[in-house]
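What follows is a single structure, written as structure tokens, with notes after it.
The values are calculated or read from the model by the stated rules, or taken from the named source; none is laboratory data. Just so it is clear, the model here is predicted, and its values are computed rather than measured. Positions of Cβ are generated from backbone atoms using ideal geometry, with glycine treated the same way; all protein chains shown enter the neighbour counts.
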Amino acid sequence: MFTLLKQEGAARRGEFKTVHGTIQTPVFMNVGTAAAIKGGVSSIDLKDQLKTQVELCNTYHLHVRPGDEVIYKLGGLHRFMNWDKPILTDSGGFQVFSLAKLRRIKEEGVFFNSHVDGRKIFMGPEESMQIQSHLASTIAMAFDECVENPAEYSYSKASCERTTRWLRRCRAEMKRLNFLDSTINKHQMLFGINQGCTYDDLRIEHMKAIRELDLDGYAIGGLAVGEPTEVMYHVIEQVEPFMPKDKPRYLMGVGTPSNIIEAVARGIDFFDCVMPSRNARHGTLFTWSGIMHITNKCYELDDRPIDPECDCPTCKNHSRAYVRHLFKADEQLGGRLAVMHNLYFYNTLTEKIRQALDEGTFEQFRARYSTLLSSKCE
């Protein structure tokens, strides 16, 4: 399913074949948590204008609203969203631990109250797999425990062991579900998640344990939650040598353009983050010259596109002055145009990374852009 086409240092260029199409890696997955990109961007926009390869949706949010049974009755997420390319569904684990008003962790799973209406919900490995099977995503993420960082060593160790036990249950349940006649996507894949906070030995031992299960891919979770960037890079460097070479690697919830470039350099293939759409809705835009705050006074009479190097629909058709005006006038179109630009930028970033890897020039690309893309646009 995963073919490593080329490597430059630890950076990898690959292809991942799925039932919903082949994913070119490295890849950034656009986050449509509740089956929609925030900012009024449709699946048609993603496919026809924004170079999106994979969309990410969330198990917890879709289970709460509209309900996975509703989506199942309507033919699964692909039909529900009118999206025919790959979809990855996050297991809901992170949201259970970050959004739930009350929760109790037991060996069988987690008891919690919905953040929407307070109703009592139980989710364990089997329930997460059943919900994701109803959603019929291309790739399902295993249900894991997301531990607050920092956490005590003893608790982190016990949590890793529980996550491994849960992963075995996820694998067994997915295998069962994929053989049912009533299952929409009988080729659903499963990615396991590496945990261990910032403890090197726990991270390494957990990766060794879960790689034995021969899953379709492996993720590094529990990072980008407030720890210093260098700590995140350090953890990747510790874990990467123990990740299977013939399976895709996914760094969950990351990140800035510089984070993506640096993580690719450390051997990561898949990324996702709400940053491009969330920042865009507040007027922060990514360009090939650095970060731009479009509501600043200096853009009031600026008739140039947001980024002269960008050929996204926003940059081809609208000026900085116009987009700034839309934000100042509180017009929804401003957010939509900004989100479209940022998603296009992120998808183009990974496209350019792939091109650099194809040409053997990734280190030059990294040297030119890793720091520049984090700087303030002049």
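What the table shows:
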item	result
Checking residue 330 against (1) of a type in the set (Asp, Glu); (2) in contact (Cβ under 8 Å) with a residue 60 or more places away in the chain; (3) outside any helix (DSSP H, G or I), the condition it does not meet	(2)
Flag for residue 250 being of a type in the set (Phe, Trp, Tyr), over 20 Å from residue 37 (Cα atoms) and outside the structural domain of residue 356 (by TED's automatic domain parsing)	yes
Scope the stretch 293-311; condition in contact with a Gly (Cβ under 9 Å, 6 or more places away or on another chain) and under 15 Å from residue 337 (Cα atoms); matching residues	293, 294, 295
Single match in 190, 167, 177 (criterion: surrounded by 17 or more Cβ atoms within 10 Å (Cβ to Cβ), touching a helix residue (DSSP H, G or I) at 6+ places or on another chain (Cβ under 7 Å) and part of a strand (DSSP E or B))	190
Subset of the stretch 312-327 [outside any helix (DSSP H, G or I) and without any contact (Cβ under 8 Å) to a residue 40 or more places away in the chain]	318, 319
Count - residues of the stretch 316-348 that are buried (at least 24 other Cβ atoms within 10 Å of the Cβ) and either farther than 16 Å from residue 48 by Cα or in contact with a Lys or Arg (Cβ under 7 Å, 6 or more places away or on another chain) (or both)	5
Options 4, 46; residue that is modelled with pLDDT of 95 or more, farther than 24 Å from residue 178 by Cα, surrounded by fewer than 19 Cβ atoms within 10 Å (Cβ to Cβ) and touching a Lys or Arg at 6+ places or on another chain (Cβ under 9 Å)	4
Filter pass, residue 126 being in the same structural domain as residue 208 (by TED's automatic domain parsing), acidic (Asp, Glu), in a helix (DSSP H, G or I) and surrounded by fewer than 21 Cβ atoms within 10 Å (Cβ to Cβ)	yes
One residue from 35, 100 being modelled with pLDDT under 95, small (Gly, Ala, Ser) and within 28 Å of residue 194 (Cβ to Cβ)	100
Residue that is closer than 22 Å to residue 91 by Cα, surrounded by fewer than 23 Cβ atoms within 10 Å (Cβ to Cβ) and touching a residue at least 12 places away in the same chain (Cβ under 8 Å), where the choices are 209, 172, 219	209
Residue satisfying condition, being within 18 Å of the chain's Cα centre (by Cα) and either under 24 Å from residue 273 (Cα atoms) or assigned by TED's automatic domain parsing to the domain that holds residue 131 (or both), within set 67, 93	93
Complete set of residues in the stretch 147-164 that are surrounded by fewer than 13 Cβ atoms within 10 Å (Cβ to Cβ) and small (Gly, Ala, Ser)	154
Hits in the stretch 45-60 (condition: assigned to a loop (DSSP other than H, G, I, E, B) and within 10 Å of the chain's Cα centre (by Cα))	54
Meets criteria (under 20 Å from residue 93 (Cα atoms) and either surrounded by 16 or more Cβ atoms within 10 Å (Cβ to Cβ) or outside the structural domain of residue 138 (by TED's automatic domain parsing) (or both)) for residue 227	yes
Enumeration of residues in the stretch 28-37 that are surrounded by 17 or more Cβ atoms within 10 Å (Cβ to Cβ) and either of a type outside the set (S, T, N, Q) or more than 19 Å from residue 270 (Cα to Cα) (or both)	28, 29, 31, 32, 35, 37
